[in-house]
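The values are calculated or read from the model by the stated rules, or taken from the named source; none is laboratory data. Since we're looking at a predicted model, the values are computed, not measured. Note: ideal-geometry Cβ built from the backbone for every residue, glycine included; neighbour counts use all protein chains shown.
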Amino acid sequence: MKNYLKTLLALSSKKNFIVFFLGLLAVAELNAQQVPQYTQYLFNDFAINPAIAGKNKWWDCKSNNRYQWSGITDAPRTYVLSLNGPMKNKKMGLGGTLYTDIVGPTRRIGLSGSYAYHMKLNETYKLSLGLSAGILQWAVDGSKITLHDPGDAVMSNAYQSVIVPDFAAGAYLYSKRLFVSVSVPQLYEAKLKFFDYQTNVQSKLKAHLYLMGGYRFQLNEDFELEPSAMIKYVKPAPLKVDVAVRCIYQDQVWLALAFRTHDALTAMVGYKYKNWLTIGYSYDFTITPLRQYTTGTHEIMFGIQFMQKDNKPSQPITE
């Protein structure tokens, strides 16, 4: 992989610029990074699975702001904003997601709307099915690329982009303490054609598979423990697994530790203020060879809950 990247970076002509950019897309595909990654996914789970829209009895707005690999020039930056809530009959949910993912001269912007339908299976469990549809823009800013040939000014000032449709589907089984989530982002594998003269387009979106689950244990009147895990897969990249344990005090303050295979160890802390404002922070300790060049990854999460008229928080269903 390192030799492959060095070869790409050595390219300089107009023709080679195209190869360079398409090569970057190939690297993204090999590393399963077409879908934005963020650490505090448990607190913005709707952005991963459209079936989660409307699971609570309030509207929920969340923002994740991720600054990856601090200390490395043009390192990835990811911003995710989501909003979801129930309709009046409480059986359906609506929501929307906006995200920006920036890596050096490349940028992805996604915008989608979601619909979910919630079914009561029994007195304990509910099942929700959801769909989302939107658009996705991939772009590269040539002015941010320093080429070996200074006379290659046309490509150095070029801005190329492509807009494609984007769809996702998901299912969500949940109770007061248990949740199991299955979702498929980028369900439609749209081709990414950046140049009109391209006849053989190999770059395209790849469908991902996300499996997530967790259970909240009541330790005593004040403390709860919530282990959780998420499995991410996109062919042909290797499977990735996130495992986390969160300790919650009076449903207001929490500390968590997490591990992501082939990536990082994570520490998280969060606070909920009067059941309407949520703040979280996470720090990733990189365990890959990149640790020689970066001080780690920072992520900040903000959330606002628009409560019911009685202003009392409630669980989706009771056990």
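Please go through the range 117-129 and pick out each residue that is assigned to a loop (DSSP other than H, G, I, E, B) and of a type outside the set (Asp, Glu).
The answer is Leu121, Asn122, Thr124, Tyr125.
Go through the range 175-187 and count every residue that is under 20 Å from the mean Cα position of the chain (by Cα) and touching a residue at least 24 places away in the same chain (Cβ under 8 Å).
Adding up the residues that qualify gives 8.
Scan the range 198-213 and tell me whether some residue there is surrounded by fewer than 17 Cβ atoms within 10 Å (Cβ to Cβ), hydroxyl-bearing (Ser, Thr, Tyr) and closer than 28 Å to Gly95 by Cβ.
no
Is it the case that the range 195-207 has a residue that's assigned to a strand (DSSP E or B) and in contact (Cβ under 8 Å) with a residue 60 or more places away in the chain?
Within the range 195-207, none of the residues are assigned to a strand (DSSP E or B) and in contact (Cβ under 8 Å) with a residue 60 or more places away in the chain.
For (1) closer than 20 Å to Asp141 by Cα; (2) among the hydrophobic types (A, V, I, L, M, F, W, C); (3) at pLDDT 90 or above, each residue gets a yes or a no:
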{"site": "Thr73", "(1), (2), (3)": "yes, no, no"}
{"site": "Tyr79", "(1), (2), (3)": "yes, no, yes"}
{"site": "Gly93", "(1), (2), (3)": "no, no, yes"}
{"site": "Gly96", "(1), (2), (3)": "no, no, yes"}
{"site": "Tyr99", "(1), (2), (3)": "yes, no, yes"}
{"site": "Ser114", "(1), (2), (3)": "no, no, yes"}
{"site": "Tyr117", "(1), (2), (3)": "no, no, yes"}
{"site": "Lys120", "(1), (2), (3)": "no, no, yes"}
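Considering only residues of the range 76-129 that are of a type outside the set (S, T, N, Q) and in contact with a Ser or Thr (Cβ under 6 Å, 6 or more places away or on another chain), which is surrounded by the most Cβ atoms within 10 Å (Cβ to Cβ)?
Top of the filtered list is Ala116.
Within the range 146-166, restricting attention to residues that are in contact with a Gly (Cβ under 8 Å, 6 or more places away or on another chain) and surrounded by 14 or more Cβ atoms within 10 Å (Cβ to Cβ), which residue is modelled with the lowest pLDDT?
Restricting to residues being in contact with a Gly (Cβ under 8 Å, 6 or more places away or on another chain) and surrounded by 14 or more Cβ atoms within 10 Å (Cβ to Cβ), the top hit is Ser156.
For the range 229-243, name all the residues that are in contact with a helix residue (DSSP H, G or I) (Cβ under 8 Å, 6 or more places away or on another chain) and loosely packed, with under 14 Cβ neighbours inside 10 Å.
Pro236
For the range 105-116, does any single residue satisfy the condition of being touching a residue at least 40 places away in the same chain (Cβ under 8 Å), closer than 18 Å to Lys176 by Cα and not in a strand (DSSP E or B)?
no
Would you say Val201 is of a type outside the set (D, E, K, R), modelled with pLDDT under 80 and closer than 25 Å to Pro238 by Cα?
Yes; evaluated as a whole, the condition is true for this residue.
Condition first: loosely packed, with under 15 Cβ neighbours inside 10 Å and not polar (S, T, N, Q). Now tell me which residues in the range 214-228 satisfy that.
Tyr215, Phe217, Leu219, Glu221, Asp222, Phe223, Leu225, Pro227
Which numbered condition trips up Val140, out of (1) modelled with pLDDT of 85 or more; (2) in a strand (DSSP E or B)?
Against the list (1) modelled with pLDDT of 85 or more; (2) in a strand (DSSP E or B), Val140 comes up short only on (1).
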